[in-house]
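Written out below as structure tokens is the structure these notes cover.
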Amino acid sequence: MISLVAAALATCALVSSVHCASESTAWCYHLPSCNDDTWSTLSARYCNGIRQSPINIAPASARPDANLGAFTFGNFDNASALESIGNTGRTVKVTFGSGVQVSGGGLPEAYNSLQFHLHWGNGSSVPGSEHTVDGKRYPMELHIVNIKASYNGNTTQALADSEALAALGFLIEEMPGNATGQPASWKTLTSYLANITNKDDSVAIASGISLDDLLDGVDRSKYYRYLGSLTTPACNEVVVWTVFKEPIKVSKDLIDLFSTTIYVTNSSSPLMTNVFRKIQPEQPVTTQSTSTSSTSSPPTTCYSLGLMGLSLALGWN
């Protein structure tokens, strides 16, 4: 998630009072002095670590794990849970209200969901997902960032926990045929992009679309699991990664909007393209055993203590 830190508080800090090396480190995706080839030097503590993300997933090598059962997605059906959408200068990020939560799925406990953000290449013709599957890179990837509910804001404990964050990764591929403006939920989501073209632009999201709407068509009982890291500096190795096997299908015109609408800084700067980290060394990957595969748990409304401070502060890009 993670996607569940940098000069503009991209991913490492969980609240504004907690800082990490990347907050004083200028990192980027494209400039020679700060692109991901340099992150292991710019943020050496973790970015050259031993369980870095993203990775290539080889399905044939994924080990069956009977503990990887169905998830319960609390409040993913709430059409008012998506609160704001913004341009961080490195991605597009959507923040959630309180009460969104994920549990089950072999996770050690319930996790509160804070935000999602996206990674992309340059339109549908230049793929930009972070994870690849058998070497295939998809046009985009969506990361839902979640933090252990038990921490309730204790960032000192969270940053010391190798499973503090749970990132749900959804690959996005082009919808077949000549469809445009589909699905409707993604047409609504991308309609906000014109209002956040510049860095630090942010607008409220009107009630009407839910996480379930955006993930429609994905069988969330089928997924891969591995232990990894944040995919931007400081690359903290604190993430339980779930990458779902079935991609979200979005029409080409909507995918293309991300790389033709959003700027790194403003209209005088480059458009935001190729915002993904290179593949890192492989990690052990597990998946469902045949005997435990089942349909997804129906969405349930599950209200928990909201981590509003975390939701606003955890950048992950």
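Just a few scattered comments:
- Per DSSP, loop chymotrypsin sites (Phe, Trp or Tyr not before Pro) in the stretch 154-222 with at most 15 further Cβ within 10 Å: none
- Residue-wise HN-Hα couplings along the stretch 216-230, as the Karplus relation 6.51 cos²θ - 1.76 cosθ + 1.60 with θ = phi - 60° gives them from phi, are 4, x, 8, 7, 7, 8, 10, 7, 10, 9, 7, 9, x, 9, 5 Hz; Gly and Pro carry x.
- Overall shape: oblate for the stretch 30-103, with the ratio a/c of the largest to smallest alpha carbon gyration tensor axis at 1.5 or above and b/c at least equal to a/b.
- For Phe276, Phe73, order by how many other beta-carbon atoms lie within 10 Å, fewest first: Phe276, Phe73
- Estimated distance in nm for a label pair at Asn178 and Arg63, the labels positioned 7 Å out from Cα along Cα-to-Cβ: 5.0
- Dipole in debye (nearest 20) - the stretch 47-193, about Cα centre, beta carbon charges: Lys, Arg +1; Asp, Glu -1: 240
- For the stretch 21-313, the Rg and Dmax computed from alpha carbons only, in angstrom: 17.9, 55
- Compactness index (Cα Rg / 2.2 N^0.38 Å), the stretch 93-229: 1.14
- Charge dipole (the stretch 21-313, unit charges on Cβ, about Cα centre) - positive-most of Thr260, Trp27, Leu215: Trp27
Read the figures in this text as sums done on the coordinates, not as results from a lab. Not measured: the values here are computed from a predicted model. Glycine also receives a Cβ, built like all others from the backbone with ideal geometry; neighbour counts cover every protein chain displayed.
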